[in-house]
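Each remark here refers to the structure printed beneath this line.
The values are calculated or read from the model by the stated rules, or taken from the named source; none is laboratory data. Keep in mind that what you see is a predicted model, and the values were worked out from it rather than measured. Virtual Cβ from ideal backbone geometry, glycine too; neighbours counted across all protein chains shown. In case anyone asks, the SASA skips ligands and DNA or RNA and just uses the protein heavy atoms, side chains included. Shrake-Rupley method; radii C 1.70, N 1.55, O 1.52, S 1.80 Å.
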Amino acid sequence: MPVLQAQIQTDRATRYLVQFCKHAAAMGSGGHSARMHMRREVEVAAEWSDTSGRVAFGPWGEATLTADGSSLTVRIDAADEDGLTRIRDIIARDFERFSRRDPLAVAWQRLDSPGAAPVQDAVGVPSGQRRGFRRSHLQSAALAVAVVLVAAVHVGLAGSVLAESRWTGLAANVVAVLVAVKIALIAVARFKIRQRRAAKRPDHT
């Protein structure tokens, strides 16, 4: 029987435990986003207190959660590897959504395979970071398009206004310098924003 366990360092352990169990109970009753998480033949039942919780995903297996003042321990006991992956993915999606403002860092450990390396998955990467990869690519593409448009506008205006001027060469150089300065300022601003975001992310455990 495959077993995964993760210990999450957080001072909101009880909050995440209760939130996950309540959401699982809603899925089990056919409520909130049940069809988004799993197939219809899976039966979900949840019970919890402020310090412990148990969520059964029949026939995949079950997840148990234990909270104390500084950490939340999550353990998955599954019937097979497929069930293990499915339960882990549900936990990953939920905890990613729950911790958007304060991303969690989690490393799963295989307990049924002594000495196995920690398993990093969607929860193992802070939620904001995983979304950040996609956002970073989109922002970079948008920035490139904006730079091209700015350069085209500057060059177009300079060409139309100064086409007959004896100062055309000088004006073109000035426009090129302005475009370069704008690109540099945008790049510096994005670098500083990324530094601030990285400083706010907790280190992986």
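Kindly evaluate Ala105 against the criterion of being of a type in the set (A, V, I, L, M, F, W, C) and part of a loop (DSSP other than H, G, I, E, B). For Ala105, the condition - of a type in the set (A, V, I, L, M, F, W, C) and part of a loop (DSSP other than H, G, I, E, B) - is met. Summed over the range 61-113, the residues that are farther than 15 Å from Pro2 by Cα, charged (D, E, K, R) and touching a residue at least 40 places away in the same chain (Cβ under 8 Å) give a count of 4. For the range 61-94, the tally of residues that are open to solvent by 10 Å² or more (accessible area, probe 1.4 Å), in a helix (DSSP H, G or I) and within 19 Å of Leu111 (Cβ to Cβ) stands at 6. Scanning the range 69-87 for residues that are under 20 Å from Thr10 (Cβ atoms) and either small (Gly, Ala, Ser) or modelled with pLDDT under 95 (or both) yields a count of 3. Pairing each residue of the range 1-27 that is free of Cβ contacts under 8 Å to residues at least 12 places away in the same chain with any residue that is open to solvent by 60 Å² or more (accessible area, probe 1.4 Å), provided the two are 6+ apart or on different chains, yields C-beta distances under 9 Å for Ala26/His32.
Scan the range 72-116 for residues that are among the aromatic types (Phe, Trp, Tyr) and touching a strand residue (DSSP E or B) at 6+ places or on another chain (Cβ under 9 Å) and jot them down. Correct list: Phe95, Trp108. Beta carbons closer than 9 Å, at least 6 apart along the sequence or on distinct chains, pair a first residue in the range 35-60 that is under 15 Å from Lys22 (Cα atoms) and in a loop (DSSP other than H, G, I, E, B) with a second that is at pLDDT 85 or above and open to solvent by 30 Å² or more (accessible area, probe 1.4 Å) for Asp50/Thr14; Thr51/Thr14; Thr51/Thr66; Thr51/Asp68.
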